[in-house]
Amino acid sequence: MTRSLLLLLSIIVPFFFFPLRVISNLQIVKSISYVDSLLLESYKNQIKKEYVQNTDSMDTEQVDSLFSLDRRVFGGSKVSYSPDCTFKIFTIEVESCGAYCNSSWFSWIHYNLKGTEKAKEMNLGVVDSIYKLSDNKYLVVSMNWGRPSSNYFVRCINANLIAIENDSIKTQSINYKKESAFGFCQESSVQTEIEPFIKYDHNKKRLTYQYANNDPDDNKPDVDIIRKGYFTYEAGKFSIVKETTRIINRSDKQ
């Protein structure tokens, strides 16, 4: 099934089929539509082609058998809607297992849902929140995780500023620590109960965050650093205002 046909199917389903109940910063649906389920399956077939060569000469059973090598399976699949149903994001997890398991995520954003629907591939993890900002912009918070070694686990959170202009979609920068993208990871080796997060307060127009990690620059594995800070949103962009750090020496706990 071609992408153009799948996009046409999405348009056929009336927009009022989306549930109207809004919880938090995502449009919550009890179950995805039939058209969206078809799109998910189509994207899964597209993903299989990235792992399996020459699929055109194989039947479905052969493709699935080769895809499952390295104990590879599809994990969670999700469709996340913006609070105003302007766009929706398809996210599919692929889990591969060797000595331990790790995941990769594939995502696509569908926008202009009330007109000629368009789709664009994105680099997102599991969508946690979508905040509607001013000027047709949105803050998308997503998560991913990994297990680099048998006793080491990493959880990452990322924020993406998305702008919809003239039926086109663009990702804009959120500058942080000399990087044009805002995100961070917290390792399981950190000995603190701090839970990492990124949140946005509409009333204060403020993005707050916190996370903890070891000190990789000084190579001090017995030192944990807790970082907390906030950005303000003004004139269509996020600017960091303040970040505080608290250093915890594990030897002080003993």
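All of the numbers you see were taken from the coordinates with simple rules; none came from a lab. Just so it is clear, the model here is predicted, and its values are computed rather than measured. Every residue, glycine as well, gets a Cβ built from its backbone with ideal geometry; the counts of neighbours run over all protein chains shown.
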Determine, for each peptide in 153-162, 97-106, the mean count of other beta carbons within 10 angstrom over its residues, then list the peptides with the highest first.
153-162, 97-106
E234-E187 pseudo-label distance in nm [points 7 Å out on the Cα-to-Cβ vector]:
3.7 nm
Using DSSP to define loop residues, name the GluC sites (Glu not before Pro) in region 111-188 whose beta-carbon has at most 15 other beta-carbon atoms within 10 Å.
none
Expected sort for T55, T60 with the fewest Cβ neighbours (10 Å cutoff) up front is T60, T55
Taking r as the C-beta separation of E195 and R72 and R0 as 41 Å, the FRET efficiency to the nearest 0.05 is 0.85
How much FRET efficiency would the formula 1/(1 + (r/R0)^6) give for R206 and C101, where r is the Cβ-Cβ distance and R0 is 35 Å, rounded to 0.05?
0.40
